[in-house]
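The values are calculated or read from the model by the stated rules, or taken from the named source; none is laboratory data. This one's a predicted model, so the numbers in the text were calculated from it and none came from an experiment. Don't worry about glycine lacking a Cβ; one is built from the backbone with ideal geometry, like all the others, and counts go over all protein chains shown.
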Amino acid sequence: MPNTILIGAQWGDEGKGKIIDVLTDRADLVVRMQGGNNAGHTVLVGKKKYVLHLIPSGILRARKKCVIGNGVVIDPVHLVGEIEGLKKLGVDVKGNLFVSETAHIVFPYHRLLDEYREASKGKNKIGTTKRGIGPAYGDKAARTGIRMVDLMDPETFSALLKQRIKANNDILSPLGAKKLSFKKVLEEYLAAAKKLKPFVTDTVHMLHEASKNNANILFEGAQGTFLDIDHGTYPYVTSSATTSGGACTGSGVAPNKIDKVVGVMKAYTTRVGEGPMPTEDDFLGDHFHNMGREYGATTGRARRCGWLDAVLTRHATMVNGINELAITNLDGLDTLPVIKVCVGYRLGNKKIDRLPNAMGALEKCKPIYTEYPGWQTSTEKCRKWSDLPLNARRYLKEIAKLSGTRLKIASIGPARSQTIEL
Ligand code: GDP
Ligand code: IMO
Ligand code: MG
């Protein structure tokens with residue numbers, strides 16, 4: 001398999017975990033390059049369900065090497081919990097997991113700041129996962145972050161942490177937060193450090209060597225294009241580069257080593273958290289929630305649901321350079337008589353086919369829909385393209401065309417077998 005970046009083409013939760021798990025079969029290494037444990041990637045293997053937050057979904061395939069790259073922000077206590085949780089489910093990560101020395105660390109004060117900032121925004125809140133992601137990336141940019149390499153050296157770590165706890169207590173105490181105890185955080189983080197030491201390494205050189213030896217690298221994006229700090233619906237975004245460009249800076253693999261970009265999108269749209277979503281539709285939300293689906297894998301929040309927005313997916317193709325599309329959750333539309341797709345927006349008395357950058361304008365955009373006849377047949381048991389009902393095939397081809405790229409994979413259920421490759 002050529003070196004491939006896989007990213008979400010919408011607002012996250014597109015089914016990246018499932019598609020990564022399928023594609024890992026052909027890869028040697030899987031790399032996470034951004035985000036933190038705000039991500040929740042679900043993989044179904046047989047009857048077992050795994051939800052991965054920091055560890056690449058590729059870990060579920062035997063002998064595949066998985067890397068948490070420098071662009072990720074790591075909560076070490078959470079990471080230890082995730083490793084132990086996997087062990088309980090029968091997955092031993094030893095020898096297969098590598099964690100970047102230069103990845104930044106998430107601390108309890110980041111989570112507190114995340115909460116306080118959200119509360120202070122009132123109705124303008126972002127609806128974050130409260131995992132401290134924004135404040136951790138904020139410290140990285142402000143050059144006040146602490147990295148995994150620092151955590152591996154107790155003396156260095158202790159000195160840095162002392163200073164950071166004091167500075168953050170000075171900010172948080174006037175807001176009414178209980179003072180964080182330096183000693184308690186130090187103990188907790190050094191205990192995690194001890195458990196993580198065997199995994200922490202220079203992943204940039206490791207990936208470079210692997211690449212020289214023609215290893216196939218699969219990059220696992222977290223979140224989605226419209227949560228990107230630059231290209232997303234700012235400020236209703238996460239704090240990292242979720243688009244394909246982030247794969248290089250977040251891993252240290254150079255752009256000329258990348259062969260392909262795969263975009264994953266749902267056959268409709270979902271979003272968790274606040275911010276504009278032009279095609280949001282209560283009927284569709286009820287439809288999915290009544291089926292027991294579209295609840296967040298990290299926070300359990302009900303996802304907002306809407307029709308496919310081709311203005312968005314076309315933009316995603318442009319900024320990511322998507323060569324191939326994986327369209328998931330087609331089966332969610334199986335029972336509907338009519339399926340709508342947004343092909344443009346009406347803004348005041350103007351028709352537009354681009355995403356406006358001002359959030360006030362995006363909020364006012366009314367979708368212009370094209371309607372497609374449904375197939376009203378279950379697709380769950382389809383195993384090849386010709387098994388799919390004709391209207392389902394037409395719908396898939398049409399939304400790939402509207403998204404300006406090529407359909408490669410259709411997914412009709414969470415299981416590995418429920419995947420059709422063209
Ligand atoms: P990710 O964050 O992009 O990895 O996606 P999540 O795991 O948060 O959410 C996607 C959900 O859809 C998970 O529950 C997956 O098991 C599920 N899923 C993925 N593809 C399909 C599909 O084609 N059909 C159905 N029914 N579920 C799917
Ligand atoms: P995966 O990888 C969906 C959303 C939050 C919020 C915004 C900012 O599973 O697709 P943050 O905690 O990152 O500061 O929250 O981003 N968000 C996600 N939405 N899937 C995710 O990850 C998300 N990670 C963050 O809901 O709107
Ligand atoms: Mg998710």
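Taking the numbered list (1) part of a loop (DSSP other than H, G, I, E, B); (2) within 30 Å of residue 49 (Cβ to Cβ) in turn, residue 145 passes all entries but (2). The single condition among (1) within 14 Å of ligand 2 (Cβ to nearest atom); (2) charged (D, E, K, R); (3) assigned to a strand (DSSP E or B) that residue 18 does not satisfy is (3). Can you confirm whether segment 171-182 contains a residue that is within 28 Å of the chain's Cα centre (by Cα) and either among the aromatic types (Phe, Trp, Tyr) or at pLDDT below 95 (or both)? No, because not a single residue in segment 171-182 is within 28 Å of the chain's Cα centre (by Cα) and either among the aromatic types (Phe, Trp, Tyr) or at pLDDT below 95 (or both). Figure legend. Inter-residue proximity from segment 117-141: first residues more than 17 Å from residue 272 (Cα to Cα) and at pLDDT 95 or above, second residues assigned to a loop (DSSP other than H, G, I, E, B) and more than 16 Å from ligand 3 (Cβ to nearest atom), beta-carbon distance below 6 Å, spacing 6+ or different chains. Indicated pairs: 136/106; 137/239; 139/145. Taken over segment 38-60, the criterion of being more than 16 Å from residue 199 (Cβ to Cβ) and either within 11 Å of ligand 2 (Cβ to nearest atom) or crowded, with 19+ Cβ neighbours inside 10 Å (or both) is satisfied by 38, 39, 40, 41, 42, 43, 50, 51, 57, 60.
Taken as a whole, the condition of being touching a residue at least 40 places away in the same chain (Cβ under 8 Å), within 29 Å of residue 4 (Cβ to Cβ), among the charged types (D, E, K, R) and within 16 Å of ligand 3 (Cβ to nearest atom) applies to residue 271. Residue 35 passes every criterion in (1) within 9 Å of ligand 2 (Cβ to nearest atom); (2) without any contact (Cβ under 8 Å) to a residue 12 or more places away in the chain apart from (2). Here residue 172 clears all of (1) part of a loop (DSSP other than H, G, I, E, B); (2) touching a Leu at 6+ places or on another chain (Cβ under 7 Å); (3) more than 30 Å from residue 414 (Cα to Cα) except the condition numbered (1). Residues that are more than 21 Å from residue 406 (Cβ to Cβ), assigned to a helix (DSSP H, G or I) and over 13 Å from the mean Cα position of the chain (by Cα) within segment 229-262 comprise 248, 249, 255, 256, 257, listed in sequence order.
Could you check how many residues of segment 33-63 are of a type outside the set (S, T, N, Q), in a strand (DSSP E or B) and either within 9 Å of ligand 3 (Cβ to nearest atom) or more than 23 Å from residue 114 (Cα to Cα) (or both)? Count: 8.
Of the candidates 67, 80, the single residue that is more than 16 Å from ligand 3 (Cβ to nearest atom) and either in a helix (DSSP H, G or I) or within 29 Å of residue 233 (Cβ to Cβ) (or both) is 80.
Those strands (runs of 3 or more DSSP E) of segment 314-422 in which 2 or more residues are within 16 Å of ligand 3 (Cβ to nearest atom) and within 23 Å of the chain's Cα centre (by Cα) occupy 324-328. When 92, 28 are screened for being acidic (Asp, Glu), modelled with pLDDT under 95 and away from ligand 2 (no atom under 16 Å from the Cβ), only 92 passes. Among the conditions (1) surrounded by 13 or more Cβ atoms within 10 Å (Cβ to Cβ); (2) in contact with a Leu (Cβ under 9 Å, 6 or more places away or on another chain); (3) assigned by TED's automatic domain parsing to the domain that holds residue 111; (4) not polar (S, T, N, Q), residue 178 misses just one, which is (1). Screening the candidates 310, 302 for the property of being closer than 29 Å to residue 2 by Cβ and either of a type in the set (A, V, I, L, M, F, W, C) or surrounded by fewer than 20 Cβ atoms within 10 Å (Cβ to Cβ) (or both) yields one hit, 310. No other residue among 226, 157 is part of a helix (DSSP H, G or I) and either in the same structural domain as residue 12 (by TED's automatic domain parsing) or at pLDDT below 95 (or both) apart from 226.
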